[in-house]
Amino acid sequence: MRITVTVDGTTYSDEVEPRTLLVQYLRERLGKVGTVVGCDTSNCGACTVHLDGHSVKSCSVLAVQADGCEVTTIEGLARDGQLHPVQRAFHDNHALQCGFCTPGMIMQAIDLLAEDSDPEEQAVREGIEGNLCRCTGYQNIVRAVRDAAHEMRPGAGPEAERVSEATMGTQAGVHRS
Amino acid sequence: MIPAEFDYVAPTTVDDAVRALADAGDEAKILAGGQSLIPVLRMRLAAPTKLIDLGKVTELQGVREDGGALVIGAMTTHYDVVRDPLIAEHAKLIGMATSTVADPQVRHRGTFGGSLAHADPAGDLAAPALALDVEMVVHGMDGRRTIPASEFFVDYFTTALRPGELLTEVRVPKYTGWHAHYEKFNRVAQAWSIVGVAAAVQVEGHTITQARVGLTNMSSVPVRASGVERALVGQEATPEAIKAAAQHAVEGTMPVADGNADAAYREHLAKVLTSRAVTAACG
Ligand SMILES: Cc1cc2nc3c(=O)[nH]c(=O)nc-3n(C[C@H](O)[C@H](O)[C@H](O)COP(=O)(O)OP(=O)(O)OC[C@H]3O[C@@H](n4cnc5c(N)ncnc54)[C@H](O)[C@@H]3O)c2cc1C
Ligand code: FES
Ligand code: FES
């Protein structure tokens with residue numbers, strides 16, 4: 001089946017088998033290997049991307065279901081060589097060890113911050129409850145998300161990513177202000 | 001793992017979906033949010049020949065008022081249910097239970113109708129549906145029919161839906177002004193309820209005048225805690241009275257033993273969580 005999907009600002013049109021998972025399509029067809037697969041049970045959240053502005057587990061969505069949609073992956077966050085504020089906050093706060101959960105954690109953190117621009121610690125923990133980390137014990141991840149909240153202007157997040165290529169790099173919230 | 005091969009169609013109307021389901025026969029499956037079905041396909045626990053995706057059937061999305069009832073479209077996502085102002089006003093219990101389902105990513109995709117049709121005994125939405133006496137609206141080649149919640153849940157993962165039938169809407173009587181709480185006990189990294197209790201009450205002064213209580217995962221199907229309801233009505237909302245009423249929570253249940261809890265522990269949880277749910281609802 002032919003699908004047309006905009007991923008990280010570029011539109012692709014491809015023939016896929018209906019059984020192709022979105023994460024497979026991203027990694028194997030588009031080479032977006034920043035998005036990883038960490039489990040077989042939809043539990044770990046490592047594969048989290050944004051689909052039309054909302055976080056989803058890309059191992060639990062079929063590529064055909066994303067037909068006509070916009071997808072943002074971890075690879076689409078940095079602009080002009082500048083890390084997204086949430087990426088930077090993870091770096092600054094040592095919020096990763098092996099780093100396998102990090103792409104999903106960051107995508108989910110951005111979704112959370114779009115819903116709640118200054119979450120309390122408990123709200124951060126609940127917001128990332130679908131993302132498992134086997135290394136950090138979460139403390140520094142929670143710290144990084146709250147730190148990023150303070151760095152970002154309210155309103156940044158998935159909505160701010162819904163841009164065409166032409167406007168990339170200039171939208172609100174992706175640059176430190 | 002990757003699912004086995006299947007054909008895929010994405011109809012845009014209920015009529016087309018019903019026809020597609022009839023044409024495809026027994027080996028076809030409905031795809032709603034996919035948050036239960038896609039993991040099952042990935043693990044190859046099922047291998048349907050065809051998926052009929054309801055994702056583009058927009059008439060099945062959203063919540064509307066219809067006289068004394070709310071109508072929740074089967075394809076309304078958990079995320080939209082939690083944020084819906086009509087649900088907050090007239091069916092708070094459903095909103096509260098839905099907010100405990102899974103995690104944000106799963107709530108963005110998973111649907112109200114998909115959860116009810118899936119009928120997992122640990123699913124959180126069946127007990128509130130039963131407690132609130134909702135009505136399931138289904139469509140098949142023979143047209144439309146309605147099934148009361150009390151007849152919809154038949155067994156583990158089994159509902160009264162016949163082959164070829166779609167769950168299209170859920171009609172919820174309005175419970176405007178009722179107080180509600182969903183109390184759930186689960187492991188941190190696995191949101192599924194070990195036991196859950198859905199409670200809705202009407203309180204006048206300090207007296208409980210009406211009560212509705214449903215239990216999650218205390219049987220192969222959700223259970224209405226009628227004994228608790230009877231014991232609560234007419235009582236002052238005191239800790240002693242609520243605790244005494246909650247002792248009836250195990251009546252009519254048949255809890256299983258699994259890796260999370262044995263049957264006796266589930267019975268203990270049912271009483272404790274009922275007491276907590278009713279106390280929180282009475283606020
Ligand atoms: C990690 C994880 C954690 C979860 N935790 C919880 C939890 O804590 N509590 C909870 O309640 N749920 C939980 N779930 C399940 C989640 O709520 C699902 O969304 C839900 O069970 C199924 O809804 P769906 O829309 O995704 O349906 P799908 O997965 O698309 O479908 C499920 C089944 O129902 C059938 N079906 C779907 N819609 C219809 C319809 N309209 N008519 C007829 N048949 C239909 C399908 O054919 C399929 O057999 C969890 C899921 C995951 C992946
Ligand atoms: S790989 Fe998607 S949730 Fe684990
Ligand atoms: S840093 Fe290793 S899994 Fe999170």
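The values are calculated or read from the model by the stated rules, or taken from the named source; none is laboratory data. Fair warning: this is a prediction, and the values are worked out from it, not measured in the lab. Here the Cβ is made from the backbone with ideal geometry for all residues, glycine too, and neighbour counts use every protein chain on show. What goes into the accessible areas is simple: the full protein's heavy atoms, side chains included, and nothing from ligands, DNA or RNA. Shrake-Rupley method; radii C 1.70, N 1.55, O 1.52, S 1.80 Å.
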Solvent-accessible area, 1.4 Å probe, carbon plus sulfur percent, for the protein assembly as shown: 48 percent
Candidate aspartates and glutamates for bridging to B:Lys243, where Cα separation is under 13 Å - those fewer than 8 sequence places away on the same chain excluded: B:Glu229
Other protein chain Cβ atoms within 10 Å, averaged over every residue that makes up A:12-24: 3
Surface per residue (accessible, 1.4 Å probe) for the protein assembly as shown, Å²: 42 Å²
Binned Cα-Cα distances of chain B, short to long, each 10 Å bin given as a whole percent: 7, 29, 34, 21, 7, 1, 0
Gain in span if fully extended, B:Asp258 to B:Arg171, counting 0.36 nm per residue against the direct Cα distance: 28.0 nm
1.4 Å probe, heavy atoms, protein only - residues of the range B:91-139 losing at least 30 Å² accessible area vs chain alone: B:Asp103, B:Pro104, B:Gln105, B:His108, B:Arg109
Around A:Gly104: net Lys/Arg minus Asp/Glu count, Cβ-Cβ under 14 Å: 0
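At 222 nm, what value in deg cm²/dmol follows for chain B if DSSP H runs of at least 4 each add -39500 (n - 2.57) and the sum is divided by all its residues, to the nearest 500? Write out the running numbers ahead of the final one.
Values: 12 runs with 95 residues, N = 283.
Theoretical 222 nm ellipticity from helices: -9000 deg cm²/dmol.
With respect to the cross-link table entries B:Lys29/B:Lys174; B:Lys56/B:Lys174; B:Lys29/B:Lys271; A:Lys57/B:Lys184, which display a Cα-Cα separation exceeding 30 Å?
Working: B:Lys29/B:Lys174 32 Å; B:Lys56/B:Lys174 28 Å; B:Lys29/B:Lys271 38 Å; A:Lys57/B:Lys184 24 Å.
The answer is B:Lys29/B:Lys174; B:Lys29/B:Lys271.
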Equivalent-ellipsoid semi-axes of the range B:81-156, from the Cα gyration tensor, Å, largest first: 21, 15, 13
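Quick check on packing: order B:254-261, B:121-128, A:127-134 by the mean number of other C-beta atoms within 10 Å, highest mean leading. Each step should come with its number before you reach the end.
Values: B:254-261: 14.8, B:121-128: 27.1, A:127-134: 21.2.
For the peptides B:254-261, B:121-128, A:127-134, the packing ranking is B:121-128, A:127-134, B:254-261.
Please give the total accessible area that chains B and A bury against each other, computed with a 1.4 Å probe and expressed in Å² to the nearest 100.
Details: alone 13130 and 8650 Å², together 19210 Å².
Chain pair B/A: roughly 2600 Å² of buried accessible area.
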Sequence-distant residues sharing a close amide H with A:Arg79 (under 5 Å, placed H): A:His84
Estimated [θ] at 222 nm from DSSP helical runs (n ≥ 4, -39500 (n - 2.57)) normalised by residues in chain A, nearest 500: -7500 deg cm²/dmol
Relative counts (whole %) of C-alpha pair distances in the protein assembly as shown, using bins that are 10 Å wide: 4, 20, 28, 26, 16, 5, 0
Tensor-based shape of the range B:113-152 (alpha-carbon gyration tensor, a/c under 1.5 rounded, otherwise prolate or oblate): oblate
Kyte-Doolittle mean at least 0.5, axial Cα span of 15 Å or more - DSSP H helices of chain A: A:102-115
